[in-house]
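Q: Following this message is one structure expressed as structure tokens.
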């Protein structure tokens, strides 16, 4: 009898999944996502709330944007960021809950 198991993760998923987890593995990017959970913020607001240098915030936001996790709009000379991929927050929540349960 053939095995009819349906796999959640397939081989074609390995590369994009690995890339997404690499992006989420940096604490400063997680802090930025935490800040953006409450809604759209300017780079200045993110810098103030995170305590990170503006150059570091900009670098991390660029990576998050490149992976379609956040998006931005421009108003004058300011960029305002928000979370684009809400599924990322679900992934983070699931991992956090699992970690707490297994602690």
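The values are calculated or read from the model by the stated rules, or taken from the named source; none is laboratory data. The structure displayed is predicted, hence computed values, not measured ones. For neighbour counting, all protein chains shown are included, and Cβ atoms are generated from backbone atoms with ideal geometry for every residue, glycine included.
Q: Which of the residues spanning the range 86-97 are closer than 16 Å to residue 35 by Cβ and surrounded by 13 or more Cβ atoms within 10 Å (Cβ to Cβ)?
A: Answer for the range 86-97, where residues must be closer than 16 Å to residue 35 by Cβ and surrounded by 13 or more Cβ atoms within 10 Å (Cβ to Cβ): 88, 89, 92.
Q: Here is a further query. Quick one: count up the residues across the range 71-96 that are in a helix (DSSP H, G or I) and in contact (Cβ under 8 Å) with a residue 12 or more places away in the chain.
A: Residues of the range 71-96 that are in a helix (DSSP H, G or I), as a first pass: 87-96.
From what's left, in contact (Cβ under 8 Å) with a residue 12 or more places away in the chain: 88-89, 91-92.
The qualifying residues number 4.
Q: What residue, of 50, 58, 38, is touching a helix residue (DSSP H, G or I) at 6+ places or on another chain (Cβ under 9 Å) and farther than 20 Å from residue 22 by Cα? Spell out how you get there, then give the answer.
A: Values: 58 fails: farther than 20 Å from residue 22 by Cα; 38 fails: touching a helix residue (DSSP H, G or I) at 6+ places or on another chain (Cβ under 9 Å).
The match here is 50.
Q: Shifting gears a bit: Between 21, 14, which is surrounded by fewer than 17 Cβ atoms within 10 Å (Cβ to Cβ), over 15 Å from the mean Cα position of the chain (by Cα), in a helix (DSSP H, G or I) and at pLDDT below 95? So that I can check it myself, show each step before the final result.
A: Working: 21 fails: over 15 Å from the mean Cα position of the chain (by Cα).
After ruling out the rest, the residue left standing is 14.
Q: It is to be established whether one or more residues within the range 16-23 are free of Cβ contacts under 8 Å to residues at least 24 places away in the same chain and under 17 Å from residue 62 (Cβ atoms).
A: The first filter runs over the range 16-23 and keeps only residues free of Cβ contacts under 8 Å to residues at least 24 places away in the same chain, leaving 16-18, 21-22.
From the residues that got through so far, the ones that are under 17 Å from residue 62 (Cβ atoms) too are 22.
There is at least one residue in the range 16-23 that is free of Cβ contacts under 8 Å to residues at least 24 places away in the same chain and under 17 Å from residue 62 (Cβ atoms).
Q: Here is a follow-up. Within the range 63-74, is there a residue that is out of contact with any strand residue (DSSP E or B) (no Cβ under 9 Å at 6 or more places or on another chain) and surrounded by 14 or more Cβ atoms within 10 Å (Cβ to Cβ)? Working first, answer last.
A: First, the residues of the range 63-74 that are out of contact with any strand residue (DSSP E or B) (no Cβ under 9 Å at 6 or more places or on another chain): 63, 66-68.
Right, trim to surrounded by 14 or more Cβ atoms within 10 Å (Cβ to Cβ) and you get 63, 67.
Yes, some residue in the range 63-74 is out of contact with any strand residue (DSSP E or B) (no Cβ under 9 Å at 6 or more places or on another chain) and surrounded by 14 or more Cβ atoms within 10 Å (Cβ to Cβ).
Q: Can you tell me which of (1) in a helix (DSSP H, G or I); (2) under 10 Å from the mean Cα position of the chain (by Cα) is the one residue 68 doesn't meet?
A: With respect to (1) in a helix (DSSP H, G or I); (2) under 10 Å from the mean Cα position of the chain (by Cα), residue 68 is out only on (1).
Q: (1) outside any loop (DSSP other than H, G, I, E, B); (2) free of Cβ contacts under 8 Å to residues at least 24 places away in the same chain; (3) closer than 22 Å to residue 95 by Cβ: which one isn't true of residue 33, the others all being true?
A: Among (1) outside any loop (DSSP other than H, G, I, E, B); (2) free of Cβ contacts under 8 Å to residues at least 24 places away in the same chain; (3) closer than 22 Å to residue 95 by Cβ, residue 33 violates only (2).
Q: Are any of the residues in the range 45-61 without any contact (Cβ under 8 Å) to a residue 40 or more places away in the chain, surrounded by fewer than 10 Cβ atoms within 10 Å (Cβ to Cβ) and not in a loop (DSSP other than H, G, I, E, B)? Before you say what the answer is, go through the steps one by one.
A: Pass one, the range 45-61, residues without any contact (Cβ under 8 Å) to a residue 40 or more places away in the chain: 45-61.
This time we only want the ones that are surrounded by fewer than 10 Cβ atoms within 10 Å (Cβ to Cβ), so: 51, 55.
Next, only the ones that are not in a loop (DSSP other than H, G, I, E, B) stay: 55.
Taking every residue of the range 45-61 in turn, at least one turns out to be without any contact (Cβ under 8 Å) to a residue 40 or more places away in the chain, surrounded by fewer than 10 Cβ atoms within 10 Å (Cβ to Cβ) and not in a loop (DSSP other than H, G, I, E, B).
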